[in-house]
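Structure, as structure tokens:
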């Protein structure tokens, strides 16, 4: 039995959630190999080889892999899958897009978004927006698993020296063309891995009002999140959305501002260590998950919050 | 152009889901059921494309028990032309669903297949990608904008880093995000009309697809509850608690 982990990367760097997936994968089996498929991605293969949990790296490099299209990745992965009992990657938009394509061709019923490895064939996963946890056992010979990154610690990144083996290209898929990527660049911590997240909802009333949140995020070195309502209303871009159909975050501190707390939003943040809710509606469901609730008008509370924070000199970076 | 739209009947998104005491699943008796929300976006998009004159026919398909007819009827009421119910009992995993849909695609020969990006019950997010793999078609997942071209679609996809734009030739699969459009409501006259639209029923077993689950559901339990929090009187108290009690700032 051995595990093949699919590395998510930017052709230059390993994406952080790959490290969480490595931790989960090595809980399934210690014999963990990683596959890097990319274009001019030598530095990625090298970084992965230095991760102590990884025993071997398969590196497939060709210009057709520049934009990580699953149509091109899948033939490579299904070919190498022959030698492995488990294929694993993270359950973010990269893995969600790719893994089912692999699983279908391997005739395997994929187990999505696991939050715990109980045994090599049994896993815990949330269903119904996290309102229930299902313990599931895969009976397929080969298992395709995606893992919820925030449920596993990132693996150590140095000290290892796994062998890097050059792999063979697969066929190029002709009826798809990558056009462009509009990445939102920011100096802030990434939403998925930030220690503190402050999120705004419909109560923010406009995109401009998010500057109140930005000011506090700057002060706390926090990532900025949003409810679906705020994204739908155009206050902020989709990469900030927290919830069932957006991102799942598990920060030490989550501050929900002007967010009522629909089930779908709670699904993305209720595992946070400390939750603060600021809302003028005292009956809002968000208060039911908040460790500290402040029933107040956010337009008064946020400036005061910033002022109080400015009085403290011990903000951890 | 012909568009096949796959829809799923799920517990309504507003229902607080409860776990059964015996740990075998969640309570579905006397619980409001609806169309899986992003499947509504899939239907809406197909209808918009038809209204623009770029599609001739929309076929709505679902897989499930007899009652899933309602979900197909709703699709017919907002603009689908015909419906198909593939009857199957119990849990039908995404792999089996995609195999059934593959059979339907082989029969119907659509140019496009639309569906929601994920079902809000099992939260799997697999079926569209699996169907694309089985058909060897390109996939455009998590679509928030679709532009129909001559023999292709230009699709904007919502990804973790922001947005991505790809062009997929037809035939192709699109899985729809909630932001793709604003689904319309069915008007009463259209609901009445939908009752007369053709709805074909097929048994999954007649399609030669093995729907036996490959994943054993051992138990379903409630997630650990958060312990009750407190209300603070003002911002100063909040900051003091975060600093001295929770020690997170």
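Values quoted throughout were computed directly from the atomic coordinates according to the rules given, and no laboratory measurement underlies them. Source: prediction; values computed, not measured. Cβ sites come from the backbone with ideal geometry, for glycine too, and all protein chains shown count toward neighbours.
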Note: B:211-220 gets an average of partner chain Cβ contacts (10 Å, Cβ to Cβ) equal to 6
Sorted on mean Cβ neighbours within 10 Å (highest first), peptides B:143-152, A:287-296 come out as A:287-296, B:143-152
Taking Cα atoms only, helix A:70-81 is inclined relative to the longest principal axis of chain A by an angle, in degrees rounded to 10, of 50 degrees
Applying the gyration tensor rule to the Cα atoms of region B:182-231 (axes a ≥ b ≥ c; rounded if a/c under 1.5, else prolate if a/b exceeds b/c, else oblate), the class is oblate
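Shielding of A:121-130 by partners, i.e. mean partner chain Cβ atoms within 10 Å per residue?
5
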Relative contact order as a percentage, region A:3-166, C-alpha pairs under 8 Å and 6+ apart, gives 31 percent
Taking the alpha-carbon centre of each part, the distance from region A:239-310 to region B:26-69 in Å is 33 Å
Short to long, in 5 Å steps from zero, the percent of alpha-carbon pairs of region A:263-317 per bin is 4, 17, 21, 21, 21, 11, 4, 0
Of A:224-234, B:225-235, A:114-124, ordering from highest average Cβ density within 10 Å down gives A:224-234, A:114-124, B:225-235
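Give the average, rounded to an integer, of partner chain Cβ atoms located within 10 angstrom of each Cβ in B:221-230.
5
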Length-normalised contact order of region A:196-311, Cα under 8 Å, at least 6 apart, in percent, tallies to 25 percent
Calculated from DSSP helices alone, with each H run of at least 4 adding -39500 (n - 2.57) and the total divided by the residues of chain B, [θ]222 nm to the nearest 500 comes to -7000 deg cm²/dmol
Answer check: region B:2-245, Cα atoms, Kirkwood Rh, Rg/Rh ratio of 1.05
In vacuo Debye sum over C-alpha of the protein assembly as shown, base-10 log of normalised intensity I(q)/I(0) at q = 0.08, 0.09, 0.11, 0.12 Å⁻¹, listed in q order, is -0.53, -0.68, -1.03, -1.22
Fraction of alpha-carbon pairs in region B:112-210 farther than 16 Å apart, rounded to whole percent, equals 67 percent
Using the Kirkwood radius over Cα pairs of region A:115-254, the Stokes-Einstein translational diffusion coefficient at 4 °C and 1.567 mPa s, in µm²/s and rounded to a whole number, is 69 µm²/s
Descending packing, highest mean Cβ count within 10 Å first, for B:236-245, B:133-142, B:107-116 is B:133-142, B:107-116, B:236-245
Dividing the mean separation of Cα pairs under 8 Å (6+ apart) by the residue count of chain B yields a relative contact order in percent of 24 percent
Rounded to the nearest whole number, the per residue volume of the convex hull around the C-alpha atoms of region A:3-166 in Å³ is 97 Å³
Under the rule rounded for a/c under 1.5, else prolate if a/b exceeds b/c, else oblate, using alpha carbon gyration tensor axes a ≥ b ≥ c, chain A is classed as prolate
Ratio for region A:196-311, C-alpha Rg to 2.2 N^0.38 Å, reads 0.93
